[in-house]
Structure formats: structure tokens, C-alpha cells
Amino acid sequence: MAGKKARQRKLARAHYQRQATRRAEQARRARQWSAVGLVCCVVAGLAVGGYFLFRGSGQHAAAASKPAATPSASPP
């Protein structure tokens with residue numbers, strides 16, 4: 001029959017193993033979510049950059065330089 005100290009050591013070793021497994025799983029999950037967040041930021045940055053790069057600034061500049069035409073009110 002094992003003594004009290006041997007049982008306590010066995011329980012402590014099992015507890016340590018569970019904690020180590022849990023910490024490793026949490027670290028893996030954190031790395032995975034960090035990678036997902038980084039990819040999302042890169043995609044969003046590319047989308048915004050592409051929008052400003054390819055939006056065709058000539059169309060907006062020409063529309064802004066034209067004066068707004070107001071219809072003249074002719075008497076009936």
C-alpha cells in the first residue's frame with residue numbers, strides 16, 4: 001500500500017500534467033486567433049488601399065469642378 005506522501009506526489013503530478021495540457025491548448029488557441037486577426041487586418045487594409053487606388057479620381061474631380069445647374073423658374 002502506498003503511503004500518504006506517495007499518493008500526494010501522484011496527485012500533484014497529475015494536477016501538473018492537466019495544467020500543462022490546458023496551458024498548451026490555450027497558447028495554441030491564442031496563436032490561432034492572432035493569425036486570424038492578422039489576416040483580417042491585412043485583407044481589410046488591402047481592400048481600403050485598393051478602393052483608393054482604383055476608384056478613378058478623374059471622375060470625382062470632374063464632377064466636383066462642374067457648377068451645379070439650377071433650373072431657372074420660368075413664369076407660366
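Okay, here's what the table says:
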read-out	value
Residues located in segment 54-71, provided they are modelled with pLDDT of 75 or more and surrounded by 10 or more Cβ atoms within 10 Å (Cβ to Cβ)	ARG55
Total residues in segment 1-15, condition open to solvent by 100 Å² or more (accessible area, probe 1.4 Å) and touching a helix residue (DSSP H, G or I) at 6+ places or on another chain (Cβ under 8 Å)	0
Any pair with Cβ under 9 angstrom, 6 or more apart, that starts in segment 1-26 at a residue that is modelled with pLDDT under 95 and ends at one that is assigned to a helix (DSSP H, G or I) and surrounded by 10 or more Cβ atoms within 10 Å (Cβ to Cβ)	ALA2/LYS10
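The values are calculated or read from the model by the stated rules, or taken from the named source; none is laboratory data. These figures come from a predicted structure and were not determined experimentally. Heads up, the Cβs are rebuilt from the backbone with ideal geometry, glycines too, and the neighbour counts pull from every protein chain shown. What goes into the accessible areas is simple: the full protein's heavy atoms, side chains included, and nothing from ligands, DNA or RNA. Shrake-Rupley method; radii C 1.70, N 1.55, O 1.52, S 1.80 Å.
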